[in-house]
Amino acid sequence: MTININIERSGFSVKIGEFEFWFDTSNEAMQHFINIDQIVNDRYNAYLAEISERSAKGEFDDAKKGEITEEVIGQAIELERKQVEIKYDALFGDGTFAKLYEKYPDYLALDDALNQADILIGEELKKITEERANKVNERTSQYLQKAEKKKRKTKK
């Protein structure tokens, strides 16, 4: 005989374009999510350090001179695209942006989609937090009732 116990993962899917991603809402994943702004800042600062090194080697001299060339425009787009990439990869895992950008090579549209996803994820997390708080309150109440019954039995 085998006893099968299914485990239901905590979370929900987020569909962006034709891609579906899993947003994990386990307590362990929420620890990561709470620090998401710091993770994004750290990754972006590392990227800026890389840009600074490249700049020191003369890569952005045209931009420094105020010249608008195809290369300067490309560098500006690269910087903005990298910001969007960092946010996607921090939220949904490394490589997420590359997958999306390969199918939808429009970083502004992807940024808009991420902003929408951010709002909707926030709303869903609020609901989940309320549900979890209610469950904790119910369990606490049950434990207190059991403890009270035990006290009464021991007093008799």
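Taken together, the values in this text are just the output of simple stated rules run on the coordinates, not laboratory data. Since the model is a prediction, treat every value here as computed from it, not as a measurement. Here the Cβ positions follow ideal geometry from the backbone for every residue, glycine too, while neighbour counts run over all protein chains shown.
Here are the numbers:
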{"read-out": "Odd one out for Gly11, checked against (1) surrounded by 13 or more Cβ atoms within 10 Å (Cβ to Cβ); (2) under 17 Å from Gly95 (Cα atoms)", "value": "(2)"}
{"read-out": "From Ile39, Ile77, Ile51, Ile16, residue being surrounded by 12 or more Cβ atoms within 10 Å (Cβ to Cβ) and touching a residue at least 60 places away in the same chain (Cβ under 8 Å)", "value": "Ile16"}
{"read-out": "Criterion (touching a Ser or Thr at 6+ places or on another chain (Cβ under 7 Å) and of a type in the set (D, E, K, R)) met by exactly one of Asp42, Asp89, Asp61", "value": "Asp89"}
{"read-out": "The stretch 5-25 - residue that is part of a strand (DSSP E or B) and β-branched (Val, Ile, Thr) and, of those, nearest to Ala98 (Cα to Cα)", "value": "Ile16"}
{"read-out": "Which numbered condition Thr2 fails, given (1) of a type in the set (S, T, N, Q); (2) closer than 29 Å to Ile128 by Cβ; (3) assigned to a loop (DSSP other than H, G, I, E, B)", "value": "(2)"}
{"read-out": "Residues satisfying the stated conditions in the stretch 90-141, i.e. outside any helix (DSSP H, G or I) and more than 12 Å from the chain's Cα centre (by Cα)", "value": "Gly95, Tyr104, Pro105, Asp106"}
{"read-out": "Matching residues in the stretch 1-20 - criterion: being under 24 Å from Leu108 (Cβ atoms) and of a type in the set (Lys, Arg)", "value": "Lys15"}
{"read-out": "Hey, Phe60 surrounded by 11 or more Cβ atoms within 10 Å (Cβ to Cβ), among the hydrophobic types (A, V, I, L, M, F, W, C) and within 30 Å of Lys126 (Cβ to Cβ) or not", "value": "no"}
{"read-out": "Enumeration of residues in the stretch 83-119 that are touching a strand residue (DSSP E or B) at 6+ places or on another chain (Cβ under 6 Å) and either among the acidic types (Asp, Glu) or free of Cβ contacts under 8 Å to residues at least 60 places away in the same chain (or both)", "value": "none"}
{"read-out": "Enumerated helices (runs of 4 or more DSSP H) restricted to the stretch 27-82, each holding at least 2 residues that are charged (D, E, K, R) and more than 20 Å from Gly93 (Cβ to Cβ)", "value": "36-56, 61-64"}
{"read-out": "Exclusive hit being farther than 19 Å from His32 by Cα and surrounded by fewer than 10 Cβ atoms within 10 Å (Cβ to Cβ), set Lys99, Lys82, Lys153", "value": "Lys153"}
